[in-house]
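Q: Here you go, one structure.
The values are calculated or read from the model by the stated rules, or taken from the named source; none is laboratory data. Because the structure is a prediction, the values reported are computed rather than measured. All Cβ positions, even for glycine, are placed from backbone atoms using ideal geometry, and neighbour counts span all protein chains on display. Only protein heavy atoms, including side chains, enter the accessible area calculation; ligands, DNA and RNA are left aside. Shrake-Rupley method; radii C 1.70, N 1.55, O 1.52, S 1.80 Å.
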Amino acid sequence: MKAYFKKIDYHLLQKYPNLWVLGVHIYLPIILVLYLVIGLTGLLYPLDPLPEFYRYRDFFQNTSVTMILPTILLVVVFIIRQVKFNSKRVHLSLPYKQQFLVFLYFIFLFLSITTLPLVGNITAYIKSDIVLDQEQFSEDAKVMRRGFVHFFLEKSYVDDPEDCAEAEANGFYIDAYGDQRSYKRYELNNTKDSLIVYRHFVDYSYSNDLDTISLDQAYREIDSFIALSHKYQGDVTHVDPVQIVNANLKTDRYYTKFEKNVRPAFSYLQDYGAFDNNINFHNKVISKGSFFFSLEWDFWRGYLFITLVLSVLLIILCSVNIAEFGWGMLVVALHPTVFGIVAALVAFLFREVDGEMAATIGIFLLLLFTANAYFFAFNKRFKPALRRAFAIACHVYTPIVACLLIVMYKEASDCCYLDSTYRENCDCILPFTREQYNLITLNTLIIGSIISTYVFGKYYKKQYTNPQIK
Amino acid sequence: MIFTANNIVKQYPRSKFKLHVPNVTLSEGAIVGVVGENGNGKTTLLNIIAGELEANGSLNYFGEDVAQDTNWSALKSKIAFIPQRIPRWYGSLIQNLKLKAALDGIPAEESDTYLDEILSFLGLMDYKHLKWTEISTGYRLRFELARMLIGKPNLLVLDEPLANLDINTQQKFLSDLKNILQDKSYETAVILSSQQLHEIETVSDHMIFLRNGESVFSGAVNELEADHEQFVFEVQVEAEDKDRLLTFLKTNNLSYGETGEYLQVSFDKSATSNDFLTVLIKEGFTIKYYRNISKSTKRLFNQ
């Protein structure tokens, strides 16, 4: 194995030195193996019978937490390798196109590394998504929703035992907060030929409708529920519909706060916990967003941002002297501080102005400070080292400022959610939806980082090779 | 011609230091030595020649004048600059050399042989699998030289390469340089600075002596003697003889200067080095050190 690795290392070093410097033969296999191992945990975790959902979720959350340190370690080790082998001396000697490809590789690699902790979650979700027949469940759930009320009803509790009696007398249900509601839970109507039920759905969605059904329909609902529920670990203790309805009608449906445990008013499920978990599991998979972690775009946007920032910083580190990188970071940190102080002063002076005006002033200040950084970076009157420090700051700022401008513009003009009487000077003219704005902002960040790196990569190369600039 | 420059001027306004070198010429196969006291502009001059520092004056590399549109990136691929402080190498030495070879476009199938040739040439074969921290300063310098030679540079610029090297390593390194220039596969010129006057003068075809930024001498070492009307000798006698020797020099109206325990004695060319030595012996001085520096830039240090 070692000999094989050495052979690859040797081959890459001599034939593809750029790839060797980037350590593709080290990092890609490591990442691939980790992806496989962690990914397999998600794929191999047995789903038959369905495990308890919260334990299942916790297992993969713990896997993610466990992977945080190795992930940080991988990032650090990768950065160290780049500083060692891809330092300015090597990096700036590469043809410019290759230098730029290195940046794209950084993005790819950092994204691969930083998403490692999530691999188990993703594969677990994919497996659940494939294994569980969600379409069938949705169909079954519609039927089971109707029948569920006959098999399981939790007792509700009220503030005072006297209220129970009063509620019982009036046929009212009084909830824990004292608001009266005219919901009868499970009652026969006055003519005793129909059943009034307050639907308590199997999948935790509640209906505010009081449902009145004929007894025959109630019996059919019970039969349908029995026919389907066993597929979801919902085996029942009673199967006779008439017997079930009669028993339910006799059951005390109210509960006082003095009773410590919440118990079902009636339950004819042999293992309600297993059934509940099964339904819950299906629901979590269907709803995606509330599965193990957010699977939504917003979540990944954060990852992309971290990846871009890491990639930009590393490509700068490879392109300049370490000392100048330090100075550049100092400028990156101090510039917004100065901006913040000035913005606070301006905000104090213009405290009477409306939100839109304040945003306009903010945009102006942001542009002013960015222009200031560019002025230092490109003005030949300043010392080259100072110029390069500001160039580093401009390199980092450019994509972020571009995004901030979009966000500030959007926030300044985004008053559509307000009632028209509160809009004042805002006309609610938003050419894009909020989602589109978010997407535009993200794309601006990506494209801005790429353009900024392309432009400033040339800047650094020229600065360090041309003595007339130095 | 590898490099020519006329009227190089570099001024540092804050320190008021000004470098002024009227002429520098580096031809293929030649070694040019730059000497002078510390802070007199040697490193500045070498940085200018290596393209690391801007200066006024006309510079010409490989037959092309430097202009605003000069492609410095391409130009610098032909220049190898070894600064005083060599950046540390990471990984094994051979790894670094292979990386440089690959980046310089040496085909993989030729790389091993090519590198072995360079390493054998510099006597470094036994050390190639070591790491930077496992070799001495002298070997680091020679490995850096090996790395620079991979791209077959046309101009080698070495800033104080002999500093921190013992006398044997200095000799070995200078001999390496000579060998490189004799090897016809390297169409190279070398310019180096050093404080080791004797060693550098031995290998250099041309010397530049800088004093306070001014080039006070530029030419072949032999020209130094022709330029001056007196011979200069460096003498050290036993400590108890020193006062007697000073009295002797004053009595005979010989001009002299003192550099620590050494005396630099000048007299006109009517007498030879042997004549002076004979007189000293006859006078009963116990001579610890005696050297004719008439043809050495060393005579310029105390002027």
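Q: Going 7 Å from the Cα of B:Ser136 toward and past its Cβ, which residues in the range B:188-209 have a backbone nitrogen under 12 Å from where you end up?
A: Answer for the range B:188-209: none.
Q: Shielding by partners for B:99-111, please: the mean number of other protein chain Cβ atoms within 10 Å of each residue's Cβ. Numbers along the way, then the final one.
A: On the way: counts 8, 4, 3, 9, 8, 2, 1, 1, 2, 8, 2, 1, 3.
If you average over the peptide's residues, the count of other-chain Cβ atoms is 4.
Q: Let me ask something else. If the elastic network links every pair of Cα atoms under 10 Å, which of B:Leu158, B:Leu124, B:Leu45 fluctuates the most in the Gaussian network model of chain B?
A: Looking only at B:Leu158, B:Leu124, B:Leu45, the largest GNM fluctuation is found for B:Leu124.
Q: What percent does the relative contact order of chain B come to when contacts are Cα pairs within less than 8 Å and at least six residues apart? Working shown, then result.
A: Details: 508 pairs, mean separation 66.8, N = 303.
Rounded, it is 22 percent for chain B.
Q: Quick check on chain B: helices-only [θ] at 222 nm, where DSSP H runs of length 4 and up contribute -39,500 (n - 2.57) each and the sum goes over total residues. Nearest 500, please.
A: Working: 11 runs with 106 residues, N = 303.
It lands at -10000 deg cm²/dmol.
Q: Which one of B:Ser270, B:Ser193, B:Ser15 has the biggest mean-square fluctuation once chain B is modelled by GNM with Cα springs under 10 Å?
A: B:Ser15
Q: Another question about this same structure. For A:Asn443 and A:Lys84, compute 0.36 nm times the residue count separating them, minus their Cα-Cα distance, and round to one decimal in nm.
A: Details: separation 359, 0.36 × 359 = 129.24 nm, distance 3.22 nm.
Here the segment from A:Asn443 to A:Lys84 would lengthen by 126.0 nm.
Q: Which shape class applies to the range A:293-352: rounded if a/c is under 1.5, otherwise prolate when a/b exceeds b/c and oblate if not, where a ≥ b ≥ c are the square roots of the Cα gyration tensor eigenvalues?
A: Working: a/c = 5.15, a/b = 1.17, b/c = 4.39.
The shape class here is oblate.
Q: Tell me the label-point distance for the pair A:Glu435, B:Arg14, using the 7 Å Cα-to-Cβ offset, in nm and rounded to one decimal.
A: In this crude label model, A:Glu435 to B:Arg14 measures out at 5.8 nm.
Q: Assigning unit charges at the beta carbon (Lys, Arg +1; Asp, Glu -1) and nothing else, what dipole magnitude in debye, to the nearest 20, does the range B:227-300 show about its Cα centre?
A: 160
Q: Keeping all protein chains in the complex and leaving out DNA, RNA and ligands, what accessible area do you get for A:Arg145 with a 1.4 Å probe, in Å² to the nearest 10?
A: Using a 1.4 Å probe on the heavy atoms, I get roughly 80 Å².
Q: How fast does the range A:1-75 diffuse by Stokes-Einstein, in µm²/s, taking the Kirkwood radius from C-alpha pairs at 20 °C and 1.002 mPa s? Write down the numbers at each step before the final one.
A: Working: Rh = 15.0 Å.
Value of D from the Cα-based Kirkwood radius: 143 µm²/s.
Q: What residues from the range A:113-138 fall in the zone where the backbone N is under 16 Å from a label point 7 Å along the Cα-to-C-beta line of A:Tyr45?
A: Counting only backbone N, you get A:116-132.
Q: What percent of all Cα-Cα pairs in the range A:56-130 falls in each 5 Å bin, counting up from 0?
A: 3, 14, 18, 18, 13, 11, 9, 7, 5, 2, 0
Q: Where the only charges are on Cβ atoms (+1 Lys, Arg; -1 Asp, Glu), what is the dipole of the range B:1-122 about its Cα centre, to the nearest 20 debye?
A: Values: 11 positive and 13 negative charges, 181 e Å.
Dipole size: approximately 860 debye.
Q: How many Å² of accessible surface get buried when A and B come together, counting both sides, probe radius 1.4 Å, rounded to the nearest 100?
A: Values: alone 25650 and 15250 Å², together 38800 Å².
The summed interface area works out to 2100 Å².
Q: Please compute one quarter of the surface area of the Cα convex hull for the protein assembly as shown and express it in square nanometres.
A: Values: hull surface 213.0 nm².
Here the figure is 53.2 nm², rounded to one decimal.
Q: How high is the FRET efficiency from B:Gln84 to B:Lys184, r the C-beta distance, R0 30 Å, rounded to 0.05?
A: Details: r = 30 Å, r/R0 = 1.00.
For R0 = 30 Å, the calculated efficiency reads 0.50.
Q: So which trypsin sites (Lys or Arg not before Pro) in the range B:198-303 are both in a DSSP loop and have at most 14 other Cβ atoms within 10 Å of their Cβ?
A: B:Lys269
Q: Remind me, relative contact order of the range B:97-194 in percent, using alpha carbon pairs under 8 angstrom and six or more residues apart?
A: Working: 82 pairs, mean separation 29.0, N = 98.
Value for the range B:97-194: 30 percent.
Q: In the full protein assembly as shown, how much of B:Met1 is accessible to a 1.4 Å probe, in Å² to the nearest 10?
A: Accessible surface of B:Met1 is approximately 130 Å².
Q: Provide the FRET efficiency to the nearest 0.05 for the A:Val76-A:Asn246 pair, computing r from the beta carbons and using R0 = 51 Å. Don't skip to the answer; put the middle values down first.
A: Numbers: r = 70 Å, r/R0 = 1.37.
The computed FRET efficiency comes out at 0.15.
Q: Sticking with this structure for a sec: Please compute, over every Cα-Cα pair in chain B, the percentage with a separation greater than 24 angstrom. Before the final figure, lay out each step's value.
A: Values: 26782 of 45753 pairs.
Result for the distance tail: 59 percent.
Q: Here's something else I'd like to know. Quick check: pseudo-label points 7 Å beyond the Cα along Cα→Cβ at A:Val24 and B:Phe121, how many nm apart are they?
A: 3.2
Q: A further question follows. Could you please put A:His150, B:His129 in sequence from largest to smallest accessible area, using a 1.4 Å probe? Display every interim value, and only then the final one.
A: Values: A:His150 0, B:His129 135 Å².
From most exposed to least exposed: B:His129, A:His150.
Q: Sticking with this one: Whole percent per 10 Å bin, from 0 to the bin with the longest distance: what is P(r) over all C-alpha pairs of the range B:187-303?
A: 12, 42, 30, 14, 2, 0
Q: Semi-axes of the range B:70-142's equivalent ellipsoid from the Cα gyration tensor, sqrt of 5 times each eigenvalue, largest first, rounded to whole Å?
A: On the way: eigenvalues 92, 62, 24 Å².
Here the semi-axes work out to 21, 18, 11 Å.
Q: Solvent-accessible area of B:Asp166, probe 1.4 Å, all protein chains present, reported in Å² to the nearest ten, please.
A: The value for B:Asp166 is about 90 Å².
Q: By the scheme Lys and Arg +1, Asp and Glu -1, what is the net charge of all other residues having a beta-carbon under 14 Å from that of B:Asn212?
A: Numbers: positive: B:Lys10, B:Lys16, B:Lys18, B:Lys42, B:Arg211; negative: B:Glu37, B:Glu214.
My count for the surroundings of B:Asn212 gives +3.
Q: Please give the net charge around B:Leu26, taking every other residue with its beta carbon less than 14 angstrom from that of B:Leu26, where Lys and Arg add +1 and Asp and Glu add -1. Intermediate results must be reported in sequence, preceding the final value.
A: Details: positive: B:Lys78; negative: B:Glu28, B:Glu187, B:Asp205.
Here the count lands on -2.
Q: Counting Lys and Arg as +1 and Asp and Glu as -1, what is the net charge of the other residues whose Cβ lies under 14 Å from the Cβ of A:Ala393? Intermediate results must be reported in sequence, preceding the final value.
A: Numbers: positive: A:Arg387, A:Arg388; negative: A:Glu324.
Net charge in that neighbourhood comes out at +1.
Q: Follow-up. When the chain is fully extended, how far beyond the present Cα-Cα distance does A:Val346 get from A:Ala227, taking 0.36 nm per residue of separation? The partial results should precede the final answer.
A: Working: separation 119, 0.36 × 119 = 42.84 nm, distance 7.08 nm.
Fully extending the segment from A:Val346 to A:Ala227 adds 35.8 nm.
Q: For the range A:15-127, build the charge dipole from Cβ charges (+1 Lys, Arg; -1 Asp, Glu) around the Cα centre, then report which of A:Pro70, A:Ile38, A:Gly120 sits farthest towards its positive end.
A: Ranked along the dipole, the leading option is A:Pro70.
Q: Oh, and also: When chain B is treated as a GNM, springs tying every alpha-carbon pair under 10 Å, which of B:Val279, B:Val221, B:Val66 comes out with the largest mean-square fluctuation?
A: B:Val279
Q: Next up: Could you give the size of the charge dipole of the protein assembly as shown about its Cα centre, using +1 on the Cβ of each K and R and -1 on the Cβ of each D and E, expressed in debye and rounded to the nearest 20?
A: Values: 75 positive and 84 negative charges, 504 e Å.
Result for the protein assembly as shown is approximately 2420 debye, rounded to the nearest 20.
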